[in-house]
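What follows is one structure encoded as structure tokens, with my remarks underneath.
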Amino acid sequence: MAVAAIAPGFADPVFDAQKAFRTVMDAMAHPGRVHELQTALAPPAPLSPVAAAVLLTLADFETTLWLGETLTKTPAVADWLRFHTGTVLTEDPGEATFAAIADPMRLPPLGAFAQGTLDYPDRSTTLILQVETLDPSAGPTLEGPGIDGTARLLPAPLAETFWLEARRNADLFPRGVDFLLAAPGKIAALPRSTRIVEGD
Amino acid sequence: MTATSETWSYNFAYLDEQTKRMIRRAILKAIAIPGYQVPFASREMPMPYGWGTGGVQVTASILGPDDVLKVIDQGSDDTTNAVAIRGFFEKTAGVATTTATEEASVIQTRHRIPETPLSETQVLVYQVPIPEPMRYLEPREAETRKMHALQEYGLMHVKLYEDIARHGHIATTYAYPVKVSGRYVMDPSPTPKFDNPKMDNSPALQLFGAGREKRIYAVPPFTQVTSLDFEDHPFAVQTFEEPCALCAAEGVFLDEVVLDDRGGRMFVCSDTNHCEERRAAGHRGRLSGDPTKTEDASQGERP
């Protein structure tokens, strides 16, 4: 692929990344809360601009990235990410620092991703799931660190088994994966510390 | 862009972007695992270890041009460490700084939590010397890591028990160990135990950076932070017999100031901003030197 065909990254790498990070940090600190994340990025489809902004902000040559099936079908996605971040793409989700999934209906079993160890629970995968909507007035009730009382969040679409798997993931605490849910212009987080207490 | 290459010869907030990304990744993991110490590749900073290099690196990685930064050192905005770090970020990031707690969006602190309650839009960044709460009991990192992994915190309770056996009460008054969200035992950094209850269920995000020891950890907002204790020796904060000598505040943490060589002393707010705001609001303490009153301000008579 010709280099000229690669779409641009952040217009301002320093401040765009800082802004995106603060939004992601706020989201991680307030699980279930939906945050605005506007970005001018136009990454190759099916990678969404919000997921792309998260990856440009956090991925680099020190990280490994696993791409879901839908994203690997378009080589331009990997080319774009490699060019802008220098991240190492891996085919083994168990080795991935980050995983980007464009079609959350086809999310592999969570156990396939790095879970961290009891000694180093931080060595686990952060999953970036592209969803279409994030509804904070529906979905299961969430509680745990970062949540004042309870919160609710319904990302869609999601596989039927998602909440069952997410509940098991929370049971693994302090091991487990963390989720960043990227909808158009919006982001929410579901770290492993969040307990999914009722509903599905 | 607010910056020109003329005024800045280095990157915004000093650190290079790759370092920021590495620290940002550690911060996100720290928030996801409350109280767990995430290792990070701490950089050399243009100040020695012990001067808050951990806190400075965390602040540099989260700071944006719209932030308003406050830096406190033992509650004071005006001591060397606070002034130097505030100046560092004014120079390297060009951010606005303040001494007013409620105006700040990021507060870097060395060993105090402001008296003014924090809000959800604020981030508190602690400078941490020794992040491992059991380090003085068990010097081997491999062992303490295993203890955290297995939630084996008996040693910490033995330490508190020995306090009781020796002194009749838990004599630990600062860096008083806490349990975060019922899982990890954490060193709240050498803050007085007076501040421990403020960490519990705080609406502000709390980030901890230890530069020399290369660890970052976090307490998310609205997270349970419990000070370790025993049923028959419950945790209690320090109390002070007299109010602040300058602003008459009660229920705040006071510093003792020696006035002379005859035992004279005064107690003043450790949080200088809180004290100044109270005095501006008309509160007067015993030694505030109010010119409209002629109190005897020369003596700090105490037994």
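The values are calculated or read from the model by the stated rules, or taken from the named source; none is laboratory data. Source: prediction; values computed, not measured. Reconstructed Cβ throughout: ideal geometry from the backbone, glycine too, with neighbour counts over all protein chains shown. Just so you know, the surface numbers come from the protein's heavy atoms only, side chains and all, with ligands and any DNA or RNA stripped out. Shrake-Rupley method; radii C 1.70, N 1.55, O 1.52, S 1.80 Å.
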Can you give the accessible area of A:TRP163 in Å² (nearest 10), computed on protein heavy atoms with a 1.4 Å probe? 20 Å²
Using amide H atoms built 1.01 Å from N in the peptide plane, name the residues 5+ places from B:TYR36, or on other chains, whose amide H lies under 5 Å from its own. B:ALA218
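Ignoring any ligand, DNA or RNA, what whole percent of the accessible area of chain A comes from carbon and sulfur when the probe is 1.4 angstrom?
It is 54 percent, rounded to a whole number.
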For B:ARG265, enumerate residues with amide H under 5 Å from its amide H, sequence gap 5+ or separate chain, H modeled in the peptide plane. B:LEU259, B:GLY300, B:ARG302
Give the lysines whose C-alpha is closer than 21 Å to that of B:LYS91, dropping any in the same chain fewer than 8 places away, or say none. A:LYS19, B:LYS20, B:LYS70
By how many degrees, between 0 and 90 and to the nearest 10, does the Cα long axis of helix A:162-171 differ from the longest principal axis of chain A? 70 degrees
Inter-label distance, nm, simple model (7 Å from Cα along the C-beta direction), B:ASP232/A:GLU132: 6.5 nm
Tell me which of A:PRO31, A:VAL54, A:LEU41 sits at the most positive position along the dipole axis of segment A:1-77, charges placed on C-beta atoms (Lys, Arg +1; Asp, Glu -1). A:PRO31
Hey, could you get me the Stokes-Einstein D for chain A, Kirkwood radius over alpha-carbon pairs, 10 °C and 1.306 mPa s, rounded to whole µm² s⁻¹? 94 µm²/s
Pop out the ³J(HN,Hα) list for segment A:81-96 in order, Karplus 6.51 cos²θ - 1.76 cosθ + 1.60 with θ = phi - 60°, rounded to Hz; leave Gly and Pro as x. 5, 5, 5, 7, 10, x, 5, 8, 7, 10, 9, 9, x, x, 10, 7
Rounded to two decimals, the Rg over Rh value of segment B:17-227 from Cα coordinates and the Kirkwood Rh reads 0.96
Estimated buried accessible area (total), pair B and A, 1.4 Å, Å² to nearest 100: 3400 Å²
Semi-axes of segment B:100-198 from the Cα gyration tensor (sqrt of 5 times each eigenvalue, largest first, whole Å) come to 28, 17, 11
Could you grab the relative contact order for chain B? Cα pairs under 8 Å, six or more apart, rounded to a whole percent. 19 percent
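Go ahead and run the numbers for FRET between B:HIS167 and A:ALA7, Cβ-Cβ distance against an R0 of 60 Å, rounding to 0.05.
With R0 = 60 Å, the Cβ-Cβ based efficiency is 0.35.
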With each pseudo-label sitting 7 Å past Cα toward Cβ, what's the A:ASP103-B:HIS157 distance in nm, one decimal? 5.3 nm
Given backbone amide H placed at 1.01 Å from N, residues whose amide H is under 5 Å from that of A:ALA189, ignoring those fewer than 5 places away on the same chain, are A:GLY32, A:ARG33, A:LEU181
Which residues, if any, in segment A:155-177 have at least 50 Å² less accessible area in the whole protein complex than in the isolated chain, probe 1.4 Å? A:PHE173
Largest first and rounded to whole Å, the semi-axes √(5λ) derived from the alpha carbon gyration tensor of the protein assembly as shown read 43, 27, 20
Determine the per residue accessible area of segment A:12-198 with all protein chains present and a 1.4 angstrom probe, expressed in square angstrom. 38 Å²
With a 1.4 angstrom probe the carbon and sulfur portion of accessible area for segment B:78-161, in percent, totals 58 percent
With everything on Cα atoms, drop me the angle between helix A:13-29 and the longest principal axis of chain A, reported from 0 to 90° to the nearest 10. 10 degrees
Per 0.36 nm of contour for each residue apart, how much would the distance between B:GLU276 and B:ASP261 grow if the chain were fully extended, relative to their Cα-Cα spacing? 2.7 nm
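Which number comes out as Rg/Rh for segment A:53-164 once both Rg and the Kirkwood Rh are worked out on C-alpha atoms?
In segment A:53-164, Rg relative to Rh is 0.99.
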Taking the alpha-carbon distance from B:LYS179 and a cut-off under 17 Å, which aspartates and glutamates remain once sequence neighbours fewer than 8 residues away in the same chain are dropped? B:GLU132, B:GLU152, B:ASP187, B:ASP195, B:ASP200, B:ASP229, B:GLU231
